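Each remark here refers to the structure printed beneath this line.
The values are calculated or read from the model by the stated rules, or taken from the named source; none is laboratory data. Since the model is a prediction, treat every value here as computed from it, not as a measurement. Cβ placement follows ideal geometry from the backbone for every residue including glycine, while neighbour counts extend to all protein chains displayed. Only protein heavy atoms, including side chains, enter the accessible area calculation; ligands, DNA and RNA are left aside. Shrake-Rupley method; radii C 1.70, N 1.55, O 1.52, S 1.80 Å.
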Amino acid sequence: MVKRLPCLGRRTLLLIRHGQAGHNVLIGSAVARNDEGYEAVRLRAEAYELHDPCLTQVGREQSEALARHWKENNVGSPEYLIASPLRRGLETADIAFRDNPYIKRRVVHPLVRERDGGLGRKCDSGRSKRAAIDVVLHPWLWDWESLPECYSFYEAQVASGTCPSTVTPEDVTSGRINHYREDRAQLAKRVRAFLSYVVSHPDGSSIAAVGHGDFWTAVIRALYRRNIRLGNCGYVVCTAKSVYNPFPGFCHTHVPTFIPARPAEPELLQLKHW
């Protein structure tokens with residue numbers, strides 16, 4: 001039986017990618033080399049080794065620019081805000097929506113984190129709930145109830161003692177880093193759970209979610225069969241019938257705003273609307 005996705009109904013969903021973080025700079029430099037030589041692989045390994053990186057100064061400026069973009073282009077204000085607990089996502093949401101008086105509720109939710117990389121990709125693995133709370137300027141404005149004390153693969157793998165201490169270039173070239181990653185079936189399940197959470201909001205409402213490139217690509221592909229990869233602080237507007245991309249985002253050095261998506265994940269292609 002083909003599984004079906006919850007329908008957005010009359011809701012508007014804005015999917016926003018975080019601003020530039022430290023690992024984006026390293027991966028951008030690796031992509032710019034246009035080869036798979038040792039230096040490019042070393043840069044990727046260094047990027048994956050950064051545990052839950054914060055925004056760079058450029059990333060903070062991008063987040064501030066996104067806030068201005070909303071005001072200058074009269075995009076309208078979401079009523080509900082959902083943010084990834086990963087530091088770069090939470091910092092982007094905090095900066096971009098800090099002075100927005102129209103948001104009724106701000107929630108930090110693990111459903112919108114990046115495709116969890118565990119110790120193989122520490123950049124995509126979160127820290128503790130306490131560390132997330134310390135990121136935002138006014139934590140009392142946010143609802144933390146949905147965020148458990150331990151929500152990432154990283155903590156469980158550290159506790160098991162069966163994972164590498166550091167990511168090496170050899171781990172990248174051999175593919176060993178992917179052994180610790182959230183697999184495709186788990187990712188597909190989280191896409192469904194995220195959309196179910198979205199439709200739990202009142203019909204006709206506007207919901208903004210600040211998250212990550214790989215996860216938003218998976219959500220968009222599942223909903224619309226389109227491959228869209230957002231640049232830093234880019235966003236798409238999703239409705240029950242269409243998706244459009246009013247702001248593709250900022251290019252970080254040497255990397256195009258739109259990065260070709262990988263081939264569609266089979267598990268995600270089986271998901272359909274009601």
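Worth pointing out:
- Hey, Arg17 open to solvent by 40 Å² or more (accessible area, probe 1.4 Å), among the charged types (D, E, K, R) and either modelled with pLDDT under 90 or out of contact with any Asp or Glu (no Cβ under 6 Å at 6 or more places or on another chain) (or both) or not: no
- Scanning the range 52-62 for residues that are open to solvent by 60 Å² or more (accessible area, probe 1.4 Å) and touching a residue at least 60 places away in the same chain (Cβ under 8 Å) yields a single hit, Val58.
- Residue under evaluation Tyr151, criteria (1) open to solvent by less than 30 Å² (accessible area, probe 1.4 Å); (2) over 21 Å from Arg106 (Cβ atoms), criterion not met: (2)
- Filter pass, Val237 being touching a strand residue (DSSP E or B) at 6+ places or on another chain (Cβ under 7 Å) and surrounded by fewer than 23 Cβ atoms within 10 Å (Cβ to Cβ): yes
- Ile82 vs. criteria closer than 23 Å to Tyr224 by Cβ and surrounded by 15 or more Cβ atoms within 10 Å (Cβ to Cβ): yes
- Residues of the range 202-231 classified as more than 19 Å from Pro85 (Cβ to Cβ) and out of contact with any Ser or Thr (no Cβ under 9 Å at 6 or more places or on another chain), total: 9
- For the range 176-222, taking the residues that are within 16 Å of Arg11 (Cβ to Cβ) and of a type in the set (S, T, N, Q), the one that is most open to solvent (accessible area, probe 1.4 Å) is identified as Ser200.
- Count - residues of the range 1-51 that are under 30 Å from Ala240 (Cα atoms) and either touching a residue at least 24 places away in the same chain (Cβ under 8 Å) or in contact with a Ser or Thr (Cβ under 8 Å, 6 or more places away or on another chain) (or both): 19
Matching residues to (1) touching a strand residue (DSSP E or B) at 6+ places or on another chain (Cβ under 7 Å); (2) open to solvent by 40 Å² or more (accessible area, probe 1.4 Å):
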{"position": "Asn24", "(1), (2)": "yes, no"}
{"position": "Arg33", "(1), (2)": "no, yes"}
{"position": "Tyr38", "(1), (2)": "no, yes"}
{"position": "Ala45", "(1), (2)": "no, no"}
{"position": "Leu66", "(1), (2)": "no, no"}
{"position": "His69", "(1), (2)": "yes, no"}
{"position": "Glu91", "(1), (2)": "yes, no"}
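- Being crowded, with 23+ Cβ neighbours inside 10 Å and of a type in the set (Val, Ile, Thr) holds for only one residue in Val172, Val107, Val158, Val136, and it is Val172.
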